[in-house]
Amino acid sequence: MATAEQRREELVELFREVSKCERCQLHQTRTRTVFGAGNANADLMFVGEAPGQQEDLQGIPFVGRAGKLLDELLAENGLARDDVFIANVLKSRPPGNRDPQPDEIEACKPYLFRQVELIEPTVICTLGNFSTKLLTGLPTGISRVHGVPQVHQLGRRTVQIFPIYHPAAGLRASSVKEILREDFKKLPALLAAGPPPQEPASPPTPEPAQEPASEPIEDTQPKLFD
Ligand code: URA
């Protein structure tokens with residue numbers, strides 16, 4: 001089993017790979033990729049939709065108005081950004097903030113699944129329709145599934161998926177903000193319950209007799225990970 005430090009190093013490698021990604025057309029119009037940020041060993045992950053204008057400029061997720069609401073909801077529940085990891089379905093901004101297209105979601109999906117495997121969260125809070133449908137693998141929309149956890153296998157990780165409304169929807173309607181606030185309150189108990197039972201790990205590959213000395217990994221954007 002990989003240690004938290006090994007998983008973090010792999011996450012930094014993945015960050016480097018994503019920053020050069022040209023798997024879909026969005027690389028032509030983005031300023032920077034937005035890989036995700038926070039605690040690389042977080043129990044709680046949030047998955048939004050795609051970077052907006054501010055995120056595209058700064059390379060950090062949820063730094064605009066929706067991000068401010070997310071920060072507020074975290075604080076109300078005794079959490080901070082440093083305790084969680086925040087990512088998106090897409091790592092590059094769709095021009096004009098249009099909806100992610102199916103081919104873009106498909107191209108970016110392996111990055112998100114790898115992030116989940118490396119971070120090993122207990123709970124993934126999906127924000128809105130795009131991340132909820134992608135990670136549950138179900139077509140049911142957010143208004144029908146919000147606030148109720150679902151257990152899913154994502155790659156090698158079994159997690160509680162907890163769908164809630166996207167904070168941007170909360171900014172548009174105060175009734176949605178109230179629902180979001182009520183759903184958010186369920187998070188501490190869900191986290192306290194611990195991870196769902198995991199699939200048995202496949203047998204470890206035998207260690208080589210002598211490990212080659214590994215190159216130190218330079219984190220090119222260290223503020224993204226703790
Ligand atoms: N909306 C998202 O879904 N993600 C961001 O990073 C910002 C706004």
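Read-outs: derived from the displayed coordinates by stated rules, not from any lab. The shown structure was predicted, so the numbers you read here are calculated from the model rather than taken from an experiment. A quick note on method: Cβ atoms are made from the backbone with ideal geometry, for glycine too, and the neighbour counts reach across all protein chains shown.
Listed values, structure above:
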{"item": "For residue 171, net neighbour charge (Lys/Arg +1, Asp/Glu -1) across residues whose Cβ lies under 10 Å away", "result": "+4"}
{"item": "Karplus 3J(HN,Hα) series, Hz, for region 33-48 with 6.51 cos²θ - 1.76 cosθ + 1.60 (x for Gly, Pro)", "result": "6, 10, 6, x, 7, x, 8, 5, 10, 6, 7, 10, 10, 10, 10, x"}
{"item": "Reachable lysines from residue 186, criterion Cα separation under 19 angstrom, eight or more residues apart if same chain", "result": "177"}
{"item": "Those trypsin sites (Lys or Arg not before Pro) in region 119-156 that DSSP places in a loop and that have at most 14 other beta carbons within 10 Å", "result": "156"}
{"item": "Calculated [θ] (222 nm, deg cm²/dmol) that DSSP helices of n ≥ 4 give over the chain, each run adding -39,500 (n - 2.57)", "result": "-11000 deg cm²/dmol"}
{"item": "Relative contact order of the chain, pairs being alpha-carbon contacts under 8 Å that are 6 or more residues apart, as %", "result": "22 percent"}
{"item": "Order of 123, 148 - criterion: other Cβ atoms within 10 Å of each residue's Cβ, fewest first", "result": "148, 123"}
{"item": "Angle in degrees between helix 65-76 and the longest Cα principal axis of the chain, rounded to the nearest 10", "result": "80 degrees"}
{"item": "Neighbourhood net charge (11 Å Cβ-Cβ; Lys/Arg +1, Asp/Glu -1) for residue 156", "result": "-1"}
{"item": "Given charges at beta-carbon only (K, R positive; D, E negative), |dipole| of the chain in Debye", "result": "940 debye"}
